[in-house]
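> Below is a structure I'd like to ask you about.
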Amino acid sequence: MKKSIRLAALLLVLCLMLPLAGCGKVVGRYRVLETLATQEFSIGYRENDYVRYYVDAALQTLAADGTVGTLAYKWFGEDKTSFSKNINALEQAGQAAPRTLLIGVDADAFPMSYLDGETYSGFDVELAREVCSRLGWEAKFISIKAENAYVELSSGNIDVAWGGLALAREDVNYEVTSPYLTNDIVIVTLAQGGPKSLRGLKDGTLAMTVEQKYMDALASNEKLMLRLGQIKRVSGGTQSLFDQLNSGAVNAIIVYSLALNYTG
């Protein structure tokens, strides 16, 4: 009995000391092998545009009345958002003139914003619709990439850059809010039967979507890239990646940690 206890204690110590050598975080049926990059999601506006004043007021009200928390639990299973709260913000802002708000979103940022068939969905999309509902505005979503936020805003193609966008906050010619949510880009495998460490991916197959941000994150780990047997670029979004992993077609995938929390 004492020998078994000592062995269990030793295994626990090893897990604490060497998390990437076989004791990665398990989320449901999946295991996180490594975090490649951390992102902070923000909202971008044209400089001195009154749109920010009203959207901020609506967000403060929605955070105060629990709407933000409800949506966060729906999409993430917890609320780690950092929106300011003021239940009277909309009343203090005054009546907004009717308009259509053009919202730039990343259509491949599940579960923040993504295309479900021909309809946009996700946490940011639902929250933006709530904001527009409170303001009496119509919401129209337009697919953009974070690196094009300034061009899209300055040209008038969009009124706000908001939807799974990790926006640069320094040396930019537009206004960017403080981050409201943090997300990791992670390597994920099956908790049962999958590799338990990065070493287990030797000569294995890793899949990601066609978005460049995932390849850039992987390129930050040169040793891992050399260890892999094949890198697959998969179309069809995040769900197709989990389908590939679940079927055994690949050994690991690269996804958002927020997507893992939703799926796992």
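The values are calculated or read from the model by the stated rules, or taken from the named source; none is laboratory data. From a predicted model like this one, the values you see are computed outputs, not experimental measurements. As a convention, Cβ positions derive from the backbone with ideal geometry for all residues, glycine included, and neighbour counts pool all protein chains shown. Protein only, heavy atoms only, side chains kept; ligands, DNA and RNA dropped before computing areas. Shrake-Rupley method; radii C 1.70, N 1.55, O 1.52, S 1.80 Å.
> Out of (1) open to solvent by 40 Å² or more (accessible area, probe 1.4 Å); (2) closer than 13 Å to Ala252 by Cα; (3) at pLDDT 95 or above, the odd one out for Ser143 is which?
For Ser143, the exception is condition (2).
> Let me ask something else about it. Would you point out which residue out of Ala128, Ala58 is open to solvent by less than 30 Å² (accessible area, probe 1.4 Å), closer than 20 Å to Ile158 by Cβ and within 20 Å of the chain's Cα centre (by Cα)? Even if it seems obvious, please write down each step before you answer.
Working: Ala58 fails: within 20 Å of the chain's Cα centre (by Cα).
On inspection, the qualifying residue turns out to be Ala128.
> Okay, next question. Take the residues in the stretch 70-109 that are among the acidic types (Asp, Glu) and surrounded by 12 or more Cβ atoms within 10 Å (Cβ to Cβ), then tell me which one is farthest from Leu165 (Cα to Cα). Write out each step before concluding.
Applying the first criterion (among the acidic types (Asp, Glu)) to the stretch 70-109 yields 78-79, 91, 106, 108.
From the residues that got through so far, the ones that are surrounded by 12 or more Cβ atoms within 10 Å (Cβ to Cβ) too are 79, 106, 108.
Working: Asp79: 18, Asp106: 6, Asp108: 10 Å.
Checking each candidate, the answer is Asp79.
> Is the stretch 148-155 home to any residue that is over 30 Å from Arg29 (Cα atoms), in a loop (DSSP other than H, G, I, E, B) and open to solvent by 10 Å² or more (accessible area, probe 1.4 Å)? Write out each step before concluding.
Let us first name the residues in the stretch 148-155 that are over 30 Å from Arg29 (Cα atoms), namely 148-155.
Within this subset, residues satisfying the condition of being in a loop (DSSP other than H, G, I, E, B) are 155.
Now narrow it down to the ones that are open to solvent by 10 Å² or more (accessible area, probe 1.4 Å): 155.
Looking for residues that are over 30 Å from Arg29 (Cα atoms), in a loop (DSSP other than H, G, I, E, B) and open to solvent by 10 Å² or more (accessible area, probe 1.4 Å), one finds at least one in the stretch 148-155, hence yes.
> Hey, another quick one. Of the numbered conditions (1) at pLDDT 95 or above; (2) of a type outside the set (D, E, K, R); (3) crowded, with 19+ Cβ neighbours inside 10 Å, Gly24 fails exactly one; give the number of that condition.
(1)
> When you check Arg169 against the structure, is it at pLDDT below 95 and over 22 Å from Leu241 (Cα atoms), yes or no? So that I can check it myself, show each step before the final result.
Values: at pLDDT below 95: yes; over 22 Å from Leu241 (Cα atoms): yes.
When the stated conditions are applied, Arg169 passes them.
> Can you pull out the residues in the stretch 159-177 that are within 24 Å of Leu71 (Cα to Cα) and either part of a loop (DSSP other than H, G, I, E, B) or aromatic (Phe, Trp, Tyr) (or both)?
At the first step, the residues of the stretch 159-177 found to be within 24 Å of Leu71 (Cα to Cα) are 159-167, 176-177.
Passing the criteria: Asp159, Trp162, Gly163, Gly164, Leu165, Ala166, Leu167, Thr177.
> Next up: Considering every residue within the stretch 170-182, establish whether at least one is open to solvent by less than 80 Å² (accessible area, probe 1.4 Å), among the polar types (S, T, N, Q) and more than 18 Å from the chain's Cα centre (by Cα).
No, the conditions are met nowhere in the stretch 170-182.
> Starting from residues that are open to solvent by less than 70 Å² (accessible area, probe 1.4 Å) and among the polar types (S, T, N, Q), keep the ones in the stretch 36-50 and report whichever is modelled with the highest pLDDT.
Taking the stretch 36-50 as the starting set, the residues that turn out to be open to solvent by less than 70 Å² (accessible area, probe 1.4 Å) are 36-37, 39, 41-46, 49.
Among the residues that remain, those that are also among the polar types (S, T, N, Q) are: 39, 42.
Numbers: Gln39: 94, Ser42: 98.
Step by step, filter the stretch 36-50, then rank; the result is Ser42.
> Go through (1) more than 25 Å from Glu40 (Cβ to Cβ); (2) free of Cβ contacts under 8 Å to residues at least 60 places away in the same chain; (3) β-branched (Val, Ile, Thr) for Ile158 and report which single condition fails.
The one condition Ile158 does not meet is (1).
> How many residues, within the stretch 20-70, are polar (S, T, N, Q) and in contact with a Lys or Arg (Cβ under 7 Å, 6 or more places away or on another chain)?
So the first thing to find is which residues in the stretch 20-70 are polar (S, T, N, Q), and the list is 35, 38-39, 42, 48, 60-61, 67, 70.
Restricting the remaining residues to those that are in contact with a Lys or Arg (Cβ under 7 Å, 6 or more places away or on another chain) gives 42, 60-61.
Residues that pass the stated criteria total 3.
> Which number in (1) within 24 Å of Leu36 (Cβ to Cβ); (2) outside any loop (DSSP other than H, G, I, E, B); (3) in contact (Cβ under 8 Å) with a residue 40 or more places away in the chain marks the one condition that Ile142 misses?
The failed condition is (1).
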